[in-house]
2 protein chains.
Amino acid sequence: MDTKNVLIVEDDTNITELLSIHLSDLGCKVVSEKNGQNGLARAQDESFDLIILDVMLPGLNGMEICRKIRQGDRQTPIMMLTARSEEIDKVMGLETGADDYLTKPFSVREFIARVRVIFRRSEEKARYAAPTPQLISIAGLEIDIDKRKVMLRGERLDLSPREFELIVLLASNPGKSYSRKQLLSLVWGYDFEGYEHTVNTHINRLRGKIEADASNPIFVLTTWGIGYRFNEDL
Amino acid sequence: MDTKNVLIVEDDTNITELLSIHLSDLGCKVVSEKNGQNGLARAQDESFDLIILDVMLPGLNGMEICRKIRQGDRQTPIMMLTARSEEIDKVMGLETGADDYLTKPFSVREFIARVRVIFRRSEEKARYAAPTPQLISIAGLEIDIDKRKVMLRGERLDLSPREFELIVLLASNPGKSYSRKQLLSLVWGYDFEGYEHTVNTHINRLRGKIEADASNPIFVLTTWGIGYRFNEDL
DNA sequence: CGGAATTATAACAAAAGTATCACAGCGGCA
DNA sequence: TGCCGCTGTGATACTTTTGTTATAATTCCG
């Protein structure tokens, strides 16, 4: 929800570059395609926060692309670019379903302003919507990843960020043993420079919070000589 | 939700008539005002599906009206008309918050196309969007989103706009932890450029108003290392 | 059983994150 | 115009987390 992904389908490299520059300024990650087929394929395969379509395209025209995208996806905002302003009613028509429209040559300021409005609108939309919960539930231990909530037999546990990341990783793959090195790189980040036994300390603290008896753990087990794993027999 | 109500605030009678004719063709019920004050009053008193504002107006300019409407109502689509295309970024900017924009002289076909898109969008929204609850009531805290009113144990709280947005967002998803970045993007707008710890200050002020003991909050809790959440166990 | 290797635990200080307050800029409003 | 409330920022005090050090406990294996 932070950096926006934008797809530009446009055969004129100058325009693509111009738009890319300004979209990057807004903090967007931009990818582009030069022809219709590829553009459509990409739009359908990947997920974008905005798709910018030129109407005149080699291969498959922009309106067709727009219509096909809309068959499978009513969400993603689509902005159309065209040379002829008379086309606007066709382009923005119900069947086609574009969200906004710009006639070439357009002012960059207007372009940016319209993009901003589109983004504002999507955020407004995403605002109060409850996200689909990602839940892990094993033997009285419940983890709601999105809420960053861990419940043990009905009580909320107060885990530190590292502890939370650790338990999520381990509990996502019960039975899989992770070496300390792996844990450091997965939880701390690949560029962490420190001692492996730092992991011990954190596992220990984690156990202190989630285990009834920390010296006889039932959730987070030690794989001797290797590292740690989440108990798969629960 | 069949016939749409449209308000036109415009001093040029010719334009008002032209727009009215075409809006009527679309099945809209159109009313109009010739000056700013009346336009604003009407926009605030009655309920419309679209408000069309001229930027240049006697009395109160269109951008001001737009901004004032947006203070109390984020929903109603607003389309701005202006003579100068350079103004677009100001007009559609975050504070002003217009949804669409047309530069005079504009093509009627374009006007109609844009209106259609706006209506299509509202209908999509009405159809799919989960109806945002207008009232939130938890543990003596009552939030009336429409009226922008917050009551605590029967007493009305005087929250600033930001504080109100914050509490509404948090209380809409009790238990969900929002990072400061998310809050900035959702409450301040995705293009806010400022420090994350601005959020701290606002949360702090909010707590000062809604919590009995601000250092032992029961409504707005801290998720350490992440951000804030609304207490789900109330 | 002994000893080396590995893991567990506790304590501590540095680092990171959070709370709070004061202040200046801005815009609204009388 | 001057006053007042809202905002964002800077400064500072405060809290929690975190990595490390130190030491104890456990496991493995000959």
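The numbers here are math on the coordinates, done by the rules we state, and not lab data. All of these numbers come straight from a predicted model, not from anything done at the bench. Note: ideal-geometry Cβ built from the backbone for every residue, glycine included; neighbour counts use all protein chains shown.
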Cα-Cα P(r), the stretch A:35-168, percent of pairs per 5 Å interval: 2, 9, 16, 15, 13, 9, 7, 8, 7, 7, 5, 3, 1
Compactness of the protein assembly as shown as Cα Rg over 2.2 N^0.38 Å, two decimals: 1.15
Which of A:62, A:47, A:137, positive extreme of dipole for the stretch A:44-188 (C-beta unit charges): A:137
Fraction of alpha-carbon pairs over 34 Å apart in chain A - percent: 43
The stretch B:133-222 - Debye-derived log10 I(q)/I(0), Cα point model, q = 0.15, 0.20, 0.23 Å⁻¹: -0.54, -0.98, -1.29
Built amide H within the under 5 Å cut-off of residue A:33, gap 5+: A:8, A:9, A:10
At 7 Å out from Cα toward Cβ: residue A:107 inter-copy label distances (nm, ascending): 1.9
Chain B - percent relative contact order, Cα under 8 Å, separation 6 or more: 11
Acute angle (nearest 10 degrees) that the helix B:62-72 long axis makes with the longest principal axis of chain B, alpha-carbon atoms: 40
Value at 222 nm in deg cm²/dmol, rounded to 500, when DSSP H runs of n ≥ 4 in chain A each add -39,500 (n - 2.57): -11000 deg cm²/dmol
Ranked list, fewest to most other Cβ atoms within 10 Å of each Cβ, for A:52, B:69, A:21: A:21, B:69, A:52
Lys/Arg +1, Asp/Glu -1 at C-beta; the protein assembly as shown dipole; positive extreme among A:221, A:97, B:225: A:221
Label spacing, shortest first and in nm, from residue B:191 to its equivalents in the remaining copies (7 angstrom along Cα→Cβ): 3.0
Dimensionless Rg/Rh of the stretch A:38-112 - Kirkwood Rh, Rg from C-alpha atoms: 0.94
C-alpha long axis of helix B:197-210 to longest principal axis of chain B, angle in °: 80
Shortest-first distances to equivalent copies, position residue B:83, nm, label 7 Å out along Cβ: 3.3
Likely footprinting exposure, B:142, B:232, fewest C-beta neighbours within 10 Å first: B:232, B:142
Reach of residue A:176 by Cα under 28 Å, taken over lysines that are not fewer than 8 positions away in the same chain: A:147, A:149, A:209
10 Å Cβ neighbours from other chains, averaged over peptide A:111-120: 5
Förster-model FRET efficiency, 25 Å R0, residue A:21 and residue B:197, C-beta, rounded to 0.05: 0.20
Peptides B:6-18, B:53-65, B:183-195 ordered by average Cβ neighbours within 10 Å, highest first: B:53-65, B:6-18, B:183-195
Filtered trypsin sites (Lys or Arg not before Pro), the stretch A:1-54: DSSP coil and at most 11 other beta carbons within 10 Å: none
Other-chain or far-sequence residues with amide H under 5 Å of residue A:56's (modelled H): A:62, A:83
